[in-house]
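To keep things clear, I will list the structure first and then write my remarks on it.
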């Protein structure tokens, strides 16, 4: 039986307003949680993975980057 998800065993690199696929080279309209290689940029090419010096993934040779929308909300000030 196939599953509709997979597990990325990596820690957070950064929270960024970047999306190299939807908004390459620009500030994104939303925030992403970025995991994986150390060479994440606003444009993404194969060289980003090759040039990464380290990774936050458990598998040390995985220098790829993974990014997902950050799940956060604006705090309400109670009066």
- [ ] Determine, at each q value in 0.12, 0.14, 0.19 (inverse angstroms), the log₁₀ of I(q)/I(0) that the Debye formula gives when each Cα of the chain is one equal point scatterer.
- [x] -0.40, -0.52, -0.83
- [ ] Give me 46, 66 ranked fewest to most by other Cβ atoms within 10 Å of their Cβ, as a rough exposure proxy.
- [x] 46, 66
Open item on the list: Between the stretch 1-32 and the stretch 51-66, what is the separation of their alpha carbon centroids in Å?
Closed with: 14
- [ ] Normalising by the residue count of the stretch 5-45, find the relative contact order in percent from Cα pairs under 8 Å and 6+ residues apart.
- [x] 43
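Since every read-out is calculated from the coordinates, none of them should be taken as a lab result. Note that the structure is a prediction, hence the values are computed from the model and not measured. Note that each Cβ is placed from the backbone with ideal geometry, even for glycine, and that neighbours are counted across all protein chains shown.
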